[in-house]
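Chemist: I am attaching a structure below and will ask some questions about it afterwards.
Nothing in this text is a laboratory measurement; each read-out follows from the coordinates by a stated rule. Everything numeric in this text was worked out from a predicted model, so none of it was measured. Positions of Cβ are backbone-derived with ideal geometry, glycine not excepted, and every protein chain shown enters the neighbour counts.
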Amino acid sequence: MSAPNKTELTAAAPLETLTGRRLALVVTGGVAAYKAADLSRLWIKAGAQVRVVLTENAARFITPLTFESLTGQPVALDMWSRPQYDIEHISLADWAEAVVVAPATANFLAKMAHGLADDFASTFMLAFDGPKLVAPAMNSRMLAAAATQDNMSALMERGVMVAPSEGGLLACGAVGDGRLADLNTIALMAARALGPNDFAGRAVAVTAGSTRESWDDIRFMANRSTGKMGLSLALAAWLRGAEVTLVAGPSLTQMPPKLPDFSIKPVESTRDMLAALEETKFQTLIMAAAPADFRPAERVSGKIKKSGGPPTLPLTSNPDILKSLPRDGRVFVGFAAEDQELVERAKGKLRDKNLDLIAANQAGGDGNAFAADDNHLWLADKNGEVTEITPRPKFAAAWSILDAVLKLRK
């Protein structure tokens, strides 16, 4: 069995927000139709209920039986395929909470934009009035055509979300834009469409991972932070509607797929992280990274040779990022990784750094949060309230932290 890829690992926990939700997947007649089977599998694995609609041309590329086997539900193919005792395209529109069209051909985008309803899929789309997401996939010239671009613009003006196509080798042999978006991108955008949206209109910056402080061209100082908690916070904020900037140290090896309203700024050192935040516009900062407190006083070019014996390594202090940034009415959330007296030390940092909220967790020993999949936290806010977040997966812990941030904003 092959190992899961990094984007699958990253997307797994956020997709669990779809547990119990009802998704309709419309598959239209493009070569990428076969990928829709894996898309439905991602949602089913996350606990969602999925029902599939195939256009007549889609059924030429992939059979209804494939989707019926994956979802355990009948596939809707045409208006007259079997006796019905209700109006199926209406009842399905009532059942679904969100609809995703993947792949979306140029023809089907045109039907949606102009309100055509000449088969089951287009009639169903016209009847459905909830969140809609389309993932175009076609030849690059068809995608760039003025008519296609106008149709997509019209749909976006009506609130339809678009998972942008990707560049690469196309089915026709040409290289260009028009490949179906990464399946994790589409799956997560559907989850965002059904999210609480309570961070909509809010720009959130999240830092993640450790930083590296070089003392020659080969060696550096760092700590054991992997960035899992920061990545979980960034994805959770995005699922709740925020525009997210993730400032990522080099220890963060798992990256999310390409997402709209989600940018990543990779940095190396603590000073790099501070500079990245100074040029980032945000209303909320969640400082989940573990930047190095010290750096070598002098960086040596080349490689320090061991023949001279152990070198002397004078250190100097790095800037304190949270103390260095102006407040300007923004919400600042910090982390305190402590080996003992977690809550009291966290309260001290809350006051010292003028924070709105701080999360304390264990560094080292039993319950060590670094590199772990779960986290046990205590939240202390500026009003003196302390809340324990019992041990749970880091994404679930991140969701609870955002609940506390939302409470502060209110």
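Chemist: Apply 1/(1 + (r/R0)^6) to the Cβ-Cβ distance of Ser324 and Glu16, taking R0 = 45 Å, and write down the FRET efficiency to the nearest 0.05.
Modeler: 0.80
Chemist: Sticking with this structure for a sec: With only alpha-carbon atoms counted, please give the Rg and Dmax of segment 9-48, in Å.
Modeler: 11.2, 31
Chemist: Given Cβ point charges of +1 (Lys, Arg) and -1 (Asp, Glu) and nothing else, what value in debye, to the nearest 20, does the dipole of the chain about its Cα centre take?
Modeler: 780
Chemist: Can you pull the one-decimal nm distance between simple spin-label points at Ala171 and His114, each 7 Å off the Cα toward Cβ?
Modeler: So the label points at Ala171 and His114 sit 2.2 nm apart.
Chemist: Another question, then. Give me the Debye-computed log₁₀ of I(q)/I(0) at q = 0.09, 0.17, 0.21 Å⁻¹ for segment 268-410, equal point scatterers on Cα only, no solvent, two decimals.
Modeler: Debye output, listed in q order: -0.35, -1.00, -1.36.
Chemist: Which value, to two decimals, describes the C-alpha radius of gyration of segment 189-313 once divided by 2.2 N^0.38 Å?
Modeler: Working: Rg = 17.4 Å, N = 125, 2.2 N^0.38 = 13.8 Å.
Here the Cα radius of gyration is 1.27 times the empirical estimate.
Chemist: Another one. About the Cα centre, and with charges only on the beta carbon of Lys, Arg (+1) and Asp, Glu (-1), how big is the dipole of segment 255-410? Nearest 20 debye, please.
Modeler: Value, rounded to 20: 520 debye.
Chemist: Moving on. Suppose R0 equals 51 Å. What FRET efficiency, 1/(1 + (r/R0)^6) with r the Cβ-Cβ distance, do Asp352 and Lys45 give to the nearest 0.05?
Modeler: Taking R0 as 51 Å, the efficiency between Asp352 and Lys45 is 0.70.
Chemist: Something else now. Compute the longest continuous run of the chain that contains no exposed GluC sites (Glu not before Pro); treat a site as exposed when its DSSP state is not H, G, I, E or B and it has at most 15 other Cβ atoms within 10 Å.
Modeler: 57-267
Chemist: Ok, one more. Which is farthest toward the positive dipole end of the chain among Ala359, Ala110, Thr270, measuring Cα position about the Cα centre, with Cβ charges +1 (Lys, Arg) and -1 (Asp, Glu)?
Modeler: Going by the charge dipole, the pick is Thr270.
Chemist: Let me ask another. In nm, give the distance between the simple-model label positions of Thr312 and Val343, each being 7 Å from the Cα along the Cα-to-Cβ direction.
Modeler: Modelled inter-label distance: 4.6 nm.
Chemist: Just the number, please: percent antiparallel of the DSSP beta bridges in the chain, rounded to the nearest 5.
Modeler: In the chain, DSSP labels about 30 percent of beta bridges as antiparallel.
Chemist: Sticking with this one: How do the peptides 31-39, 354-362, 233-241 rank, highest first, by the average count of neighbouring beta carbon atoms within 10 Å per residue?
Modeler: 233-241, 354-362, 31-39
Chemist: Further question: From the helices alone, meaning DSSP H stretches of at least four residues, give me the mean residue ellipticity at 222 nm for the chain, per-run term -39500 (n - 2.57), in deg cm²/dmol to the nearest 500.
Modeler: Dividing the helical sum by the residues of the chain leaves -9500 deg cm²/dmol.
Chemist: Once every Cα of the chain carries one equal point scatterer and solvent is ignored, give the base-10 log of I(q)/I(0) from the Debye formula at q = 0.09, 0.12 Å⁻¹, two decimals.
Modeler: These q points yield log10 I(q)/I(0) values of -0.64, -0.98.
Chemist: Now a separate question. Would you mind checking the pairs Lys349/Lys407; Lys281/Lys407; Lys258/Lys303 and listing those with alpha carbons more than 25 angstrom apart?
Modeler: With Cα atoms farther than 25 Å apart: Lys258/Lys303.
Chemist: What pairs in Lys111/Lys132; Lys347/Lys382; Lys132/Lys228; Lys228/Lys265 have C-alpha atoms more than 20 Å from each other?
Modeler: Cα-Cα > 20 Å for Lys132/Lys228; rest within.
Chemist: If you don't mind, another one. Label-point separation (nm) for Asp216 and Glu157, each offset 7 Å from Cα along Cα-to-Cβ?
Modeler: Result for the modelled spin labels: 6.4 nm.
Chemist: If you take the charge dipole of the chain about its Cα centre, with +1 on Lys and Arg Cβ and -1 on Asp and Glu Cβ, which of Pro311, Leu77, Met152 is farthest toward its positive end?
Modeler: It is Pro311, whose Cα lies furthest towards the positive end.
Chemist: While we're looking at this one, here's another question. Going by alpha carbons, how many degrees (0 to 90, nearest 10) lie between the helix axis of 35-45 and the longest principal axis of the chain?
Modeler: 60
Chemist: So what is the relative contact order for the chain, in percent, with contacts set as C-alpha pairs under 8 Å and at least six apart?
Modeler: Here the relative contact order equals 12 percent.
Chemist: Which value, in debye to the nearest 20, gives the size of the charge dipole of segment 324-366 about its Cα centre, when Lys and Arg are +1 and Asp and Glu are -1 at the Cβ?
Modeler: On the way: 7 positive and 8 negative charges, 61 e Å.
Roughly 300 debye, rounded to the nearest 20.
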